[in-house]
Each structure stands twice: as C-alpha cells, then as structure tokens.
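Working notes for the structure below.
The values are calculated or read from the model by the stated rules, or taken from the named source; none is laboratory data. Just so you know, these numbers come straight off a predicted model, no measurement behind them. Here Cβ is always computed from backbone atoms with ideal geometry, including for glycine, and neighbour counts include all displayed protein chains.
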Amino acid sequence: QVQLVESGGGLVQAGDSLRLSCVASGRTLSWYAVGWFRQAPGKEREFVAVIRSSGSRTFYADSVKGRFTIGRDNAKNAVYLQMNSLNPEDTAVYYCAVDESGALYSGSYYYSEKIYDYWGQGTQVTVSS
C-alpha cells in the first residue's frame, strides 16, 4: 500500500512561485513513477508532470513546460513540483499519484490518470491576477 500526502499549496500572486511536496509512506517512492495532476473547478483532471522510476526521466504538459520542474527528494521519500511564473490558469487542486507497475514507458503513457494506482488527497493552489 502507498499513502501520499501533498503539501505546499496556497494563495499567491501571478508571477510568484510555489513548491509542492508529495510525501509517501508504505513504499520507497524512488522505485516508482510519480505524476502530478491538477483539477480546476468544473474541469477534468489533467496531467501536469511525471518523473520516471529509472533514471528519473521527466515529462511535462505543454502548458507548464519551462515553468514547472518535477524532481525527487529521496531523503524525505518525496517528489516535489517546483512551480515558477504562476498565472491564474494554474489555479487548481494539485494531486500526486503513483504508478506501481514498474514499467518504463515514454511520453503519452503517463498522461492518462488511468494508469496510476494511488492518489493523494490534493493541495489547493490559487493564483490571483
């Protein structure tokens, strides 16, 4: 079993930065691919970024590429999402999720929420204009 807890969300102004954290218990997070998704009110949950288990290769949604960075903090058994140059379109609840399969896929495989096995409770990010 995997338990995931997101933190670091809050209310910020456009142009500001936030660093979200996803801390896991029950598993060693570095063994798995970990994705970040977000869901704005009235919209579908969408892929944001993922870090793969082997070599920590990363993939990003076009909407956040160049602004967001996903990485690992293995000492804390955590994955973070560094978010820079935030704008109101980034306002959403952000979730981390674990793909427990151990497969090493590329690209679009990670974009679907269907492949993830465990989800955190989410953390709210609100960006004012």
Only one of TYR94, TYR60, TYR80, TYR32 is closer than 17 Å to VAL127 by Cβ and of a type outside the set (Lys, Arg), namely TYR94
Can you tell me which residues in region 81-119 are surrounded by 14 or more Cβ atoms within 10 Å (Cβ to Cβ), farther than 19 Å from SER63 by Cβ and among the acidic types (Asp, Glu)? ASP99, GLU100
Keeping to region 65-80, report how many residues are surrounded by 15 or more Cβ atoms within 10 Å (Cβ to Cβ) and over 14 Å from ARG19 (Cα atoms). 1
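Every residue, every condition in (1) touching a helix residue (DSSP H, G or I) at 6+ places or on another chain (Cβ under 9 Å); (2) assigned to a strand (DSSP E or B); (3) modelled with pLDDT of 95 or more, yes or no:
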position	(1), (2), (3)
SER53	yes, no, no
GLY66	no, no, yes
ILE70	no, yes, yes
LEU81	no, yes, yes
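Taking VAL98 as the residue in question, decide whether it is at pLDDT 95 or above, closer than 15 Å to GLN39 by Cβ and among the aliphatic types (A, V, I, L, M).
Working: at pLDDT 95 or above: yes; closer than 15 Å to GLN39 by Cβ: no; among the aliphatic types (A, V, I, L, M): yes.
Judged against the criteria, VAL98 is not a match.
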Which one of the conditions (1) of a type outside the set (Lys, Arg); (2) crowded, with 18+ Cβ neighbours inside 10 Å; (3) over 26 Å from VAL127 (Cβ atoms) does LEU20 fail to meet, given that it meets all the rest? (3)
Would a scan of region 88-103 turn up a residue that is in contact with a Gly (Cβ under 9 Å, 6 or more places away or on another chain) and in a loop (DSSP other than H, G, I, E, B)? no
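Considering only residues that are small (Gly, Ala, Ser) and under 18 Å from GLY9 (Cβ atoms), which ones fall in region 87-129? Write out each step before concluding.
Going through region 87-129, the residues small (Gly, Ala, Ser) turn out to be 92, 97, 101-103, 106-108, 112, 120, 122, 128-129.
Across region 87-129, the qualifying residues are ALA92, ALA97, GLY120, GLY122, SER128, SER129.
Against the definition (at pLDDT 95 or above and either crowded, with 19+ Cβ neighbours inside 10 Å or under 24 Å from TRP31 (Cβ atoms) (or both)), how does THR126 come out, yes or no?
Values: at pLDDT 95 or above: yes; either crowded, with 19+ Cβ neighbours inside 10 Å or under 24 Å from TRP31 (Cβ atoms) (or both): no.
Taking the combined requirement at face value, the residue does not satisfy it.
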Tally up the residues in region 24-46 that are surrounded by fewer than 21 Cβ atoms within 10 Å (Cβ to Cβ) and either part of a strand (DSSP E or B) or hydrophobic (A, V, I, L, M, F, W, C) (or both), please. 5
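Tally the residues that are part of a loop (DSSP other than H, G, I, E, B), under 17 Å from TYR105 (Cβ atoms) and within 12 Å of the chain's Cα centre (by Cα), restricting the search to region 55-64. Show your work before the answer.
Narrowing region 55-64 to residues part of a loop (DSSP other than H, G, I, E, B): 55-57, 61-64.
Among the residues that remain, those that are also under 17 Å from TYR105 (Cβ atoms) are: 55-57, 61.
Next, from what is left, pick out any that are within 12 Å of the chain's Cα centre (by Cα): 61.
Looking only at that region, the number is 1.
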